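Let me begin by presenting the structure, written as structure tokens, before commenting on it.
Bear in mind these aren't lab numbers, they're just calculated from the coordinates by the rules spelled out. All figures in this text were calculated on a predicted structure; none of them were measured in a lab. All Cβ positions, glycine included, derive from the backbone under ideal geometry; neighbour counts span all protein chains shown.
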Amino acid sequence: MEYIILIIALFICLYTDIKSRKILNIVTLPTIVFGLVYNIFTTGFAGFLFSGKGLLVGLGLLIIPYLLGGMGAGDVKLMAAIGALMGTSFVFYSFIYIALIGGVIALLLIIKTRGFTNSIKSLFFNVVFFRSNLGSIVLPKDIKSSISFPYGVAIVLGSLSTLIWGGF
């Protein structure tokens, strides 16, 4: 049952995040409540601990990027919902897939936006000069410094990857 709820919540969040760049509370909060209630109902206090720890780990994994302005609150709540529904190990393995998929998406967007040669130059200077600002010397000034994408896409793909392939 929890797999069906997870898949439904993921696809709704994928749709809304792509369409309006929002992950809605009307999806994440009921998923959190369902995860807690379902796990308590099926295994009692152990289910409460399972769901509660998963919720806290899911929340904890993305709270710092949220506080730094790198992502929205909906992304954090979606990870908390995944944790409440599926538990600690599932949300942690999902996070690894999510980070990898998000990194690939970000890299592709950087290459698309800045062009391949400018991306290579920037990477070279960031590595050689330990992420200093010297890379801006060789990059054109009119390039956008901020590239964003709906991170819910990476969250959905990473969670589905964990469903399909499991952990490492």
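A straight chain from MET1 to SER20 at 0.36 nm per residue would run longer than the Cα-Cα distance by 4.0 nm. Taking the chain as the region of interest, the number of lysine pairs whose Cα atoms are within less than 27 Å, with members eight or more places apart or on different chains, is 13. Extension gain for ILE111 to ILE147 (0.36 nm times residue separation, less C-alpha to C-alpha distance): 11.9 nm.
Cα extents for the chain along the principal axes, largest to smallest and rounded to whole angstrom: 60, 31, 29. If you wrap the Cα atoms of the stretch 21-105 in a convex hull and average its projected area over all directions, you get 5.3 nm². Residue farthest toward the positive end of the dipole of the chain, with Cβ of Lys/Arg at +1 and Asp/Glu at -1: which of LEU67, ALA80, ILE111? The listed residue farthest towards the positive side: ILE111.
Spin-label model, LEU49 to PHE124: label points 7 Å out along the Cα-to-beta-carbon direction sit 5.6 nm apart. Cβ-to-Cβ counts within 10 Å put PHE168, PHE50 in ascending order as PHE168, PHE50, the fewest first.
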